[in-house]
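This report concerns only the one structure given below.
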Amino acid sequence: MTVSIGDRIPDVELRTMAHKSPEAVRSLDALGKGKVVLFAVPGAFTPTCSDYHLPGFVHRADDLLSKGVDTIACISVNDPFVMGAWGRDQKVGDKVLMLADGNGEFTRAMGLEADMSGAGLGVRSQRYAAVIEDGVVTGLFVEPERGLKVSSADAILAAL
C-alpha cells in the first residue's frame with residue numbers, strides 16, 4: 001500500500017557516505033525533523049535522474065530553503081558508494097543529502113517500488129517527491145508515467 005498524506009514515514013536503516021566510508025542512518029533521524037523535501041529516483045547516473053532531476057534540486061536548493069525547507073534529500077535503490085560518487089559527479093556538496101536505500105527497504109515500506117526487471121534493473125523506486133514535516137508526509141508527488149513533471153524541483157517549489 002502506498003504511503004498517503006498524513007502517514008508517518010517508515011523508520012528503516014539507510015546509508016550515506018561520510019568521510020569516504022558508508023555510514024548507517026535511520027530514516028527518521030535523517031528525514032523526520034523539520035520540513036524535508038525528499039525526492040526519489042529510479043537510479044543514480046541514469047539519464048533523466050542525472051540530466052534533470054538531481055541537478056534541478058541542486059540548482060533550486062536556495063529557493064527551497066527560503067520556503068522553510070530544512071533538508072533536501074535524494075534517495076535511490078543504489079548502494080552508498082554509487083550515491084556518493086553520483087553526488088560528487090553532480091557537485092551536490094551539502095545542498096542535497098544523498099541517501100542509499102540499497103536493499104529497497106524504505107522504498108518498499110513507502111509502497112513506491114517499481115519492478116524494472118524487464119530493463120535489467122531489478123526492483124527500484126518510482127520517481128517521486130514528498131514533503132515531510134516532522135516525520136509526517138504532507139505532500140506526495142508521484143510521477144504518473146516516465147518523465148519528470150510533478151516531482152521536479154520547480155513543481156515542488158510551486159507546491160510549497
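Every number in this text was worked out from the coordinates using simple rules, so none of it is lab data. It should be emphasised that the depicted structure is a prediction, and the values quoted were computed from it without experimental measurement. Note that we place each Cβ from the backbone using ideal geometry, even for glycine, and neighbour counts take in every protein chain shown.
Details
- Counting only DSSP beta bridges with both residues in the chain, the antiparallel share comes to about 70 percent.
- Tail beyond 15 Å, pair distance distribution of the stretch 70-120 (Cα, percent): 52 percent
- Bridging of LYS33 to aspartates and glutamates at a Cα separation below 12 Å is possible for ASP70, GLU133, ASP134, once same-chain residues fewer than 8 apart are set aside.
- Listed by Cβ neighbour count within 10 Å, with the fewest neighbours leading, HIS59, HIS53 appear as HIS59, HIS53.
- Neighbourhood charge, 11 Å Cβ-Cβ cut-off, centred on ARG127 and excluding it, Lys, Arg +1 and Asp, Glu -1: +1
- Debye equation applied to the C-alpha atoms of the stretch 1-72, log10 I(q)/I(0) at 0.17, 0.28 Å⁻¹: -0.87, -1.21
- Stretched out straight at 0.36 nm per residue, the stretch from ASN103 to HIS59 would grow longer than its current Cα-Cα span by 12.9 nm.
- The chain, relative contact order in percent, only Cα pairs under 8 angstrom and at least six apart counted: 32 percent
- Our estimate of slack between ASP94 and ALA158, defined as 0.36 nm per intervening residue step minus the Cα-Cα distance, is 20.7 nm.
- Cα gyration tensor of the chain - equivalent ellipsoid semi-axes, whole Å, descending: 19, 18, 17
- Taking the Cα centre of the chain as origin and assigning +1 to Lys and Arg Cβ atoms and -1 to Asp and Glu Cβ atoms, the resulting dipole is close to 220 debye.
- Centroid-to-centroid separation of the stretch 120-160 and the stretch 9-79 [C-alpha atoms, Å]: 11 Å
- Relative exposure of GLU145, GLU113, GLU133, judged by other C-beta atoms within 10 Å (fewest first): GLU145, GLU133, GLU113
- Label point distance in nm, ASP70-ALA114, each placed 7 Å from Cα along Cα→Cβ: 3.0 nm
- Dipole of the stretch 13-159, positive direction: furthest Cα of THR138, VAL150, CYS49, with charges on the beta-carbon: CYS49
- Each Lys or Arg adds one and each Asp or Glu takes one away; over the other residues whose Cβ falls under 12 Å from the Cβ of ASP79, this sums to 0.
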